[in-house]
1. Looking only at the range 23-48, count every residue that is without any contact (Cβ under 8 Å) to a residue 24 or more places away in the chain and either under 20 Å from Asn70 (Cβ atoms) or small (Gly, Ala, Ser) (or both) and tell me the total.
2. What single numbered condition from (1) under 14 Å from Val33 (Cα atoms); (2) in a helix (DSSP H, G or I) fails to hold for Leu130?
3. Given the criteria modelled with pLDDT under 95, surrounded by 12 or more Cβ atoms within 10 Å (Cβ to Cβ) and part of a helix (DSSP H, G or I), does Leu25 qualify?
4. Hey, any hits in the range 48-65 for a residue that's among the basic types (Lys, Arg) and at pLDDT below 90?
5. Test each condition in (1) assigned to a helix (DSSP H, G or I); (2) modelled with pLDDT of 95 or more for Phe84 and report the one that comes out false.
6. Of all residues in the range 76-131, which are under 13 Å from Ala47 (Cα atoms), touching a helix residue (DSSP H, G or I) at 6+ places or on another chain (Cβ under 8 Å) and of a type in the set (A, V, I, L, M)?
7. Can you tell me which residue within the range 108-122, out of those that are surrounded by 15 or more Cβ atoms within 10 Å (Cβ to Cβ) and not β-branched (Val, Ile, Thr), is farthest from Leu66 (Cα to Cα)?
8. Return only the number of the condition from (1) modelled with pLDDT under 90; (2) crowded, with 17+ Cβ neighbours inside 10 Å that Glu37 does not satisfy.
Amino acid sequence: MTDTPHKGSSFADRVRGFLDQHASLNKVAHDPVLTAELLLLVRMSFADRTVQPAEADAFATICTRLLGLNGDELTDILKYLHDFGYETTDAQAAQMLAGLDEARKREILDHLATVARADGEIDARERRLLEATASRLGFA
């Protein structure tokens, strides 16, 4: 299937075709835990109100090397997160992660901390997001 719409194809068929061609986007779209982690990472990137190149690089590295996503699809993944995650609060995203085992929750907190410190400084808003997420994940 191509990215061009076909007469007679339903919208759902076109979306399915697009997702089939974009395996990492499909993975994110069908994994609410991964989506929640990515939402928190994006919010951490923007917590200090500016996304420095080092923060963008840290986000991309986490996505590609640690989460196994295709770097060529990160723009599409960010668009998906924007389109479908804008109503999800930080608390709701963290709640999706609360049931994970302790090691995975610590890994997520480490990813958030990596993005927060990527620009060489942890802003007060970044610290608050990290602390609030840790608390919601059951860490004092």
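1. Count: 3.
2. The number of the failed condition is (1).
3. On the way: modelled with pLDDT under 95: yes; surrounded by 12 or more Cβ atoms within 10 Å (Cβ to Cβ): yes; part of a helix (DSSP H, G or I): yes.
Against the criterion (modelled with pLDDT under 95, surrounded by 12 or more Cβ atoms within 10 Å (Cβ to Cβ) and part of a helix (DSSP H, G or I)), Leu25 qualifies.
4. No, that holds for no residue.
5. All conditions are met except number (2).
6. Correct list: Leu112, Ala113, Val115, Ala116, Ala118, Ile122, Leu129, Leu130.
7. Asp119
8. (1)
The values are calculated or read from the model by the stated rules, or taken from the named source; none is laboratory data. Fair warning: this is a prediction, and the values are worked out from it, not measured in the lab. Ideal geometry is used to build each Cβ from the backbone, glycine not excepted, and the neighbour counts take in all protein chains shown.
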